[in-house]
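A short write-up of the structure that comes next.
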Amino acid sequence: MNYKFLILVLSLFVLISCNSTTAKIDKSCLAQNSERFVEPEQSKYNLPFGVGESYELRQGNCTFHTHSVEYKSEFAFDFVMDVGTPIHAARSGQVAAIEDRFFDSNNKESDFNYIAIAHKDGTFAFYIHLTNSGVTVELGEVINQGDVIGYSGDTGMESIPHLHFHVIETNEGCFKNDVIGSCSTIPISFKNANPNDKILMQGIIYTAM
């Protein structure tokens with residue numbers, strides 16, 4: 001893991017705080033970015049949970065809380081699920097960073113467990129709020145789409161157990177002056193979601209097909 005990626009991971013500690021309540025949608029944000037979402041059948045991503053499993057998207061994209069332009073996380077997803085639910089890789093890649101030493105229900109903003117997976121195109125997927133010792137992959141491990149990589153939890157600042165998932169695209173602007181920066185999330189669709197929405201909507205229960 002290189003120095004810049006270490007900075008990137010540290011930047012998450014500023015960004016991630018979820019309440020997973022139904023938040024007000026920023027319709028302007030969705031309208032301005034709607035063309036950036038690909039059609040589901042063209043997506044490189046599966047939902048980050050097992051085939052046949054169904055979970056509510058409690059907080060979706062472009063919402064007035066932590067999934068906002070202000071937090072650079074406007075394209076994040078919060079799926080409500082019980083602690084210990086298997087988390088599956090949404091896309092193939094290599095494990096770039098992990099943390100699993102924190103305990104559930106700690107309610108501390110910076111103390112959350114996570115997995116970061118690097119993709120061949122330079123993007124990174126983050127799976128956040130995992131349970132204590134809930135990471136089942138190792139640094140540098142190559143994983144395939146659909147592999148179980150860990151178990152959901154309740155670590156960090158959140159109101160109910162859920163999986164926070166987002167994808168970032170790195171660029172030099174993320175690391176200005178080599179201080180803690182933040183890379184913006186990017187809009188993604190899921191090829192195996194039912195309903196087969198191009199833009200997933202909060203309050204809807206989605207099933208992995």
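Computed from the coordinates by the stated procedures, all read-outs in this text should not be read as laboratory data. No experiment lies behind these values; they were computed from the predicted model shown. Note that we place each Cβ from the backbone using ideal geometry, even for glycine, and neighbour counts take in every protein chain shown.
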Hand me the GluC sites (Glu not before Pro) from the stretch 98-176 located in a DSSP loop with no more than 12 other Cβ atoms within 10 Å, in residue order please. GLU138
Going residue by residue through the stretch 134-139, the Karplus relation 6.51 cos²θ - 1.76 cosθ + 1.60 with θ = phi - 60° gives ³J(HN,Hα) values, rounded to whole Hz and with x marking Gly or Pro, of x, 8, 10, 10, 10, 4
HN-Hα J in Hz across the stretch 189-203 - Karplus 6.51, -1.76, 1.60, θ = phi - 60°, x for Gly and Pro: 10, 10, 6, 10, 7, 10, x, 8, 7, 5, 10, 5, 10, 5, x
Long-range amide H partners of GLY150 with built H, under 5 Å: ILE87, THR136
Taking θ as phi - 60°, what are the ³J(HN,Hα) couplings along the stretch 140-151 by the Karplus curve (6.51, -1.76, 1.60), each to the nearest whole Hz, with x for Gly and Pro? x, 5, 8, 10, 9, 4, x, 5, 6, 10, x, 9
Determine the principal axes of the Cα atoms in the stretch 3-208, then give the extent along each, sorted from largest to smallest and rounded to whole angstroms. 38, 36, 32
Under 5 Å between amide H atoms, partner at least 5 residues away or on a different chain: which partners does ALA23 have, H built in plane at 1.01 Å? GLY60
Order 41-52, 84-95, 23-34 from most to least packed using the mean count of other Cβ atoms within 10 Å. 84-95, 41-52, 23-34
Taking the Cα-to-Cβ direction at LYS108 and at SER92 and moving 7 Å from each Cα, how far apart do the two end points lie in nm? 3.9 nm
Amide hydrogen neighbours beyond the local backbone of ASN106, cut-off 5 Å, H modeled: GLY156
